[in-house]
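Peer 1: Pasting a structure below so you can have a look.
The values are calculated or read from the model by the stated rules, or taken from the named source; none is laboratory data. These numbers come from a predicted model, not from an experiment. Reconstructed Cβ throughout: ideal geometry from the backbone, glycine too, with neighbour counts over all protein chains shown.
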Amino acid sequence: MASSAPFNEPIGFIGGGNMASAIIGGLIRQGLAPSQIRVVEPFEATRTALMAQHGVRAEASAGDFLQDAALLVWAVKPQIFTEAAAPVKPFAGKAVHLSVMAGIRTGSIAAACGSERVVRCMPNTPALVGKGMTALFATAGANEQDRSRAEQVIRTTGDALWVEREEQLDAVTALSGSGPAYVFYFLEAMQQAGEQMGLSAAQARRLAVGTFDGASALAGASADSLAVLRERVTSKGGTTYAALTSMEGSGMKEAFIRAMLAARDRAVELGDEFGR
């Protein structure tokens, strides 16, 4: 939906942590001048690192340097959002508000910022290496240009898709938001098994990571279902069949689905706690 042209308007960040830094780096790589970026970050060490790494303006508190921002990215911890929003609100009237915060719902953001032009998204940590997967939701008050601006910014960190209902972001949190941890969990197990079978830790890790990377690329490039792709690797009576039969006997798929539902339920709870 977004234009192919790079984002090229003033942009502000409230919070300058890892996700903000990933987005800032992506914007600069796509041609946005560091002088167009301004950050509110109360921690001196983080401000110093942002200025040294990206050459952007970073201040300890909000001020009129935010007034010309076409978009404000909210990247603070959810429990301090209300406190952080109060001093920003007087300078935020012209901006689209893009939240990368977990749990804070759009109604709370709109009320705290005094604007109905809100886009909420759920990114994940591969954004730090330009391989993020992010879902976005826009309020009715955000127009097509607002949505386009938000998507352009998020796509500097990887891929993106839109959801129609805000509650779907809880499912996104469970699937892709927490998903990198599931991948690392399986990679740990694969490395451990490789070591038990006589490979070095470095060899097992390289084989495991390369296998996940290649299989994901194949799934992304193929129109076939994931079941068909799995079946093509599985010959009855063969090694893969033995492994998958063991997994099925252990109830691994059902346990994994239950785990993701637990993550979704916790996302709902966090939204109830912080998103009022």
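Peer 1: For the stretch 235-276, enumerate the residues that are of a type in the set (V, I, T) and within 22 Å of the chain's Cα centre (by Cα). Walk me through how you get there before you give the answer.
Peer 2: Step one: list which residues in the stretch 235-276 are of a type in the set (V, I, T), which gives 239-240, 245, 257, 268.
Answer for the stretch 235-276, where residues must be of a type in the set (V, I, T) and within 22 Å of the chain's Cα centre (by Cα): I257, V268.
Peer 1: Moving on to the next point. With the requirement that a residue be loosely packed, with under 14 Cβ neighbours inside 10 Å, under 18 Å from A86 (Cβ atoms) and among the aliphatic types (A, V, I, L, M), what does the stretch 39-71 give you?
Peer 2: Once the filter is applied, which keeps residues that are loosely packed, with under 14 Cβ neighbours inside 10 Å, under 18 Å from A86 (Cβ atoms) and among the aliphatic types (A, V, I, L, M), the stretch 39-71 yields only A60.
Peer 1: Output the number of the condition that T157 fails; it satisfies all remaining conditions of (1) more than 12 Å from the chain's Cα centre (by Cα); (2) within 15 Å of L98 (Cβ to Cβ); (3) in contact (Cβ under 8 Å) with a residue 40 or more places away in the chain.
Peer 2: Condition not satisfied by T157: (1).
Peer 1: Could you list, in sequence order, all residues of the stretch 117-154 that are more than 17 Å from the chain's Cα centre (by Cα) and not β-branched (V, I, T)?
Peer 2: R117, A140, G141, A142, N143, E144, Q145, D146, S148
Peer 1: Taking D170 as the residue in question, decide whether it is charged (D, E, K, R), part of a helix (DSSP H, G or I), touching a residue at least 12 places away in the same chain (Cβ under 8 Å) and not assigned by TED's automatic domain parsing to the domain that holds G31.
Peer 2: Values: charged (D, E, K, R): yes; part of a helix (DSSP H, G or I): yes; touching a residue at least 12 places away in the same chain (Cβ under 8 Å): yes; not assigned by TED's automatic domain parsing to the domain that holds G31: yes.
Criteria met by D170.
Peer 1: Here is a further query. Among the residues in the stretch 25-47, are any on the phi > 0 side of the Ramachandran plot, in contact with a Lys or Arg (Cβ under 6 Å, 6 or more places away or on another chain) and in a loop (DSSP other than H, G, I, E, B)?
Peer 2: We begin by selecting, within the stretch 25-47, every residue on the phi > 0 side of the Ramachandran plot; these are 31.
Next cut, in contact with a Lys or Arg (Cβ under 6 Å, 6 or more places away or on another chain) only: none.
No, every residue in the stretch 25-47 fails to be on the phi > 0 side of the Ramachandran plot, in contact with a Lys or Arg (Cβ under 6 Å, 6 or more places away or on another chain) and in a loop (DSSP other than H, G, I, E, B).
Peer 1: Continuing with this model, one more query. Among the numbered conditions (1) part of a helix (DSSP H, G or I); (2) within 19 Å of L270 (Cα to Cα), tell me where A135 comes up short.
Peer 2: Of everything listed in (1) part of a helix (DSSP H, G or I); (2) within 19 Å of L270 (Cα to Cα), A135 misses just condition (1).
Peer 1: Something else: Among the residues of the stretch 212-234, write down those that are of a type outside the set (K, R), outside any loop (DSSP other than H, G, I, E, B) and over 23 Å from the mean Cα position of the chain (by Cα). Outline the logic, then answer.
Peer 2: Of the residues in the stretch 212-234, the ones of a type outside the set (K, R) are 212-229, 231, 233-234.
This time we only want the ones that are outside any loop (DSSP other than H, G, I, E, B), so: 212-221, 226-229, 231, 233.
Residues satisfying the conditions are L226, A227, V228, L229, E231, V233.
Peer 1: For the stretch 52-89, give me the residue count where each residue is assigned to a helix (DSSP H, G or I), farther than 19 Å from R120 by Cβ and touching a residue at least 24 places away in the same chain (Cβ under 8 Å).
Peer 2: So the answer is 7.
The rows are residues; the columns are (1) of a type outside the set (D, E, K, R); (2) surrounded by 13 or more Cβ atoms within 10 Å (Cβ to Cβ).
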{"residue": "R147", "(1), (2)": "no, yes"}
{"residue": "A150", "(1), (2)": "yes, yes"}
{"residue": "Q168", "(1), (2)": "yes, yes"}
{"residue": "A171", "(1), (2)": "yes, yes"}
{"residue": "S176", "(1), (2)": "yes, yes"}
{"residue": "Y182", "(1), (2)": "yes, yes"}
{"residue": "A201", "(1), (2)": "yes, no"}
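Peer 1: Quick check: is even one residue across the stretch 215-233 closer than 19 Å to A189 by Cα, at pLDDT 95 or above and not acidic (D, E)? Talk me through it step by step, then tell me what you get.
Peer 2: Looking only at the stretch 215-233, we keep the residues that are closer than 19 Å to A189 by Cα, and these are 215-216.
Next, from what is left, pick out any that are at pLDDT 95 or above: 215-216.
Imposing the further condition that a residue be not acidic (D, E) reduces the set to 215-216.
Scanning the stretch 215-233 turns up at least one residue that is closer than 19 Å to A189 by Cα, at pLDDT 95 or above and not acidic (D, E).
Peer 1: Given the structure, is T139 farther than 24 Å from G25 by Cβ, surrounded by 15 or more Cβ atoms within 10 Å (Cβ to Cβ), among the polar types (S, T, N, Q) and in contact with an Asp or Glu (Cβ under 9 Å, 6 or more places away or on another chain)? If you could, list the steps in order and put the result at the bottom.
Peer 2: Working: farther than 24 Å from G25 by Cβ: yes; surrounded by 15 or more Cβ atoms within 10 Å (Cβ to Cβ): yes; among the polar types (S, T, N, Q): yes; in contact with an Asp or Glu (Cβ under 9 Å, 6 or more places away or on another chain): yes.
When the stated conditions are applied, T139 passes them.
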